[in-house]
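The values are calculated or read from the model by the stated rules, or taken from the named source; none is laboratory data. Just so you know, these numbers come straight off a predicted model, no measurement behind them. Neighbour counts run over all protein chains shown; Cβ positions are idealised from the backbone, glycine included. What goes into the accessible areas is simple: the full protein's heavy atoms, side chains included, and nothing from ligands, DNA or RNA. Shrake-Rupley method; radii C 1.70, N 1.55, O 1.52, S 1.80 Å.
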Amino acid sequence: MPHEPLITNLTLFYQTLAALQHISPSNILLPPNQISLTAAHDAGLCSEAIDLLHRLPHLSSDVSSLPILPDGTQAVFYTSEDECLEWSRTPTYQDSPEIASSAFVLTNPNIYGTSLIYDTLSRKLLPWEAWGKHVDFEIAEMENPFEECDGDAKPADEILKSWIGNFITLAWVPFGDQIVVEPDEDEVRDAMRDVDVMVQYQAQFIQWSFRDVYMAAGWDATAEDLETASKDFDIVEFARMQAEWLNETEEVLNVAYEQQWPWQKIRMELGGELAENQRARLLDAVIGDGYQ
C-alpha cells in the first residue's frame, strides 16, 4: 500500500512515546482521521496528500506543548477543530506556501526544532532544520528540496526507525516536559570555558541520568524493538520510582547548593548513571567550590 512505511512507523513512533509515559495512549488518534477538506483545498494540497492525511495517525491537541524530539519539535494538529491546514506547506512558517502541493509538514519546529516534511511523490521524509544545518538554505527557492539537500531526505522508515531506536535505547530520555540527550563530549569540552554553560550541562547530565529510573522499572534499553523493551516495564512502579527519584535528587541538590559541593561530590552522591558517566566526569577538574 502506498505510504505504508510512513503510516506504520509514525504510529510506532507515537506508541513508543506512550510506552515511555511521555504521552498517554489516548493522545494517539489512530486512522482513519478526519481533517477539514475545505482547509486542505485552501492550503493547495494535492488529492494524494489529502487522502494520506486521513490515513495517518495524529496526536490530540492536549499535548500541543510537549516536544516529541530533543530539539523542542512539536507535533502538528490537523484534526483539531481549532487547527486549519494553513501552515501545512510552510515549514518555516512564512506567509506563502514554500513547498510543493505534494508535500506537507508533520511537525512544528517551535523556533529551533525540526520541520519534518513528507513528500507523496518521492515518499521521502526531509527533516528541515531552518535554524540548524539548513540555516543557509531557502527552501522556497529550491526546485525540489527532496533531491537538493545532500541526501537529508530519506525513506520514511529509515528516519522514523532511527528516532524510535533512540527512545528505545534511552539515548533520548523523556524528562518532564522535555526530551533530554547526553551532552556531546566536544560540547562539554567547549563548555569548560564558561561557568554558566557548565552549570547548564551539569543539569543536563542529571536529567539524562533519569534513564536509570526507566531501567529500574523494567525498561530494557538493550532491546531492538518496542515490544521487547517494554515487556517487563511496570508503569505503576515507574511512577513511584519517578516521584522518589525527583524528591531524593532535589534534596541532594539543595544540600549541595547550601554547602557548595564540587561537581564530583554531587555526581557521586546522586550515584547511578551519573557516578560512572565518563563525559560528566570531564567537568570534575574544572569547576571549583562555590561555582555550583
Original post:
Where in region 152-261 are there GluC sites (Glu not before Pro) that are in a DSSP coil and have at most 14 other Cβ atoms within 10 angstrom of their Cβ?
Top reply: Glu224
Original post:
Rank Trp87, Trp163, Trp131 by accessible area, highest first, at a 1.4 Å probe radius?
Top reply: Trp131, Trp87, Trp163
Original post:
Given +1 on the Cβ of Lys and Arg, -1 on the Cβ of Asp and Glu, and no further charges, what dipole in debye does region 1-137 carry about its Cα centre, rounded to the nearest 20?
Top reply: 420
**OP:** Taking 7 Å along the Cα-to-C-beta vector as the label spot, tell me the Asp51-Arg189 distance in nanometres, rounded to one decimal.
**Re:** 5.3
Original post:
Looking at the chain, what % of the alpha carbon pairs are farther apart than 33 Å?
Top reply: 32
**OP:** Among the GluC sites (Glu not before Pro) in region 71-140, which ones are in a DSSP loop with at most 11 other Cβ atoms within 10 Å of the Cβ? Mind listing them?
**Re:** Glu81
**OP:** Could you bin all the Cα-Cα distances of region 46-120 into 5 Å bins starting at 0 and give me the percent of pairs in each, rounded to whole numbers?
**Re:** 3, 17, 26, 28, 19, 7, 0
Subject >> Rel. contact order, % - alpha carbon contacts under 8 angstrom, at least six apart, the chain >> reply: 13
Subject >> Span from the region 120-160 Cα centroid across to the region 256-288 one, whole angstrom >> reply: 40
Subject >> Surface accessible to a 1.4 Å probe, per residue, for the residues of region 1-110, Å² >> reply: 43
Subject >> Relative contact order of region 197-292, pairs being alpha-carbon contacts under 8 Å that are 6 or more residues apart, as % >> reply: 28
Subject >> Cα gyration tensor category, rounded, prolate or oblate, for region 149-292 with a/c compared to 1.5 >> reply: oblate
**OP:** Quick one: dipole size for the chain, taken about the Cα centre, charges +1 on Lys/Arg Cβ and -1 on Asp/Glu Cβ, in debye to the nearest 20.
**Re:** 420
**OP:** State log₁₀ I(q)/I(0) for region 6-156 at q = 0.13, 0.16, 0.19 Å⁻¹ as given by the Debye formula over alpha-carbon point scatterers of equal weight, solvent excluded.
**Re:** -0.55, -0.85, -1.24
Original post:
So for the pair Val236, Leu121, with labels modelled 7 Å out along Cα→Cβ, what separation do we get in nm?
Top reply: 5.5
**OP:** Quick one: what are the phi-derived ³J(HN,Hα) couplings along region 139-147, Karplus 6.51/-1.76/1.60 with θ = phi - 60°, whole Hz, x for glycine and proline?
**Re:** 5, 5, 8, 8, 5, 8, x, 6, 10
Original post:
Among Thr73, Ile206, Ile28, whose Cα lies farthest out toward the positive end of the dipole of the chain, if unit charges sit on the beta carbon of Lys, Arg (+1) and Asp, Glu (-1)?
Top reply: Ile28
Original post:
Under the definition of Cα pairs under 8 Å and six or more residues apart, what whole-number percent is the relative contact order of region 79-189?
Top reply: 15
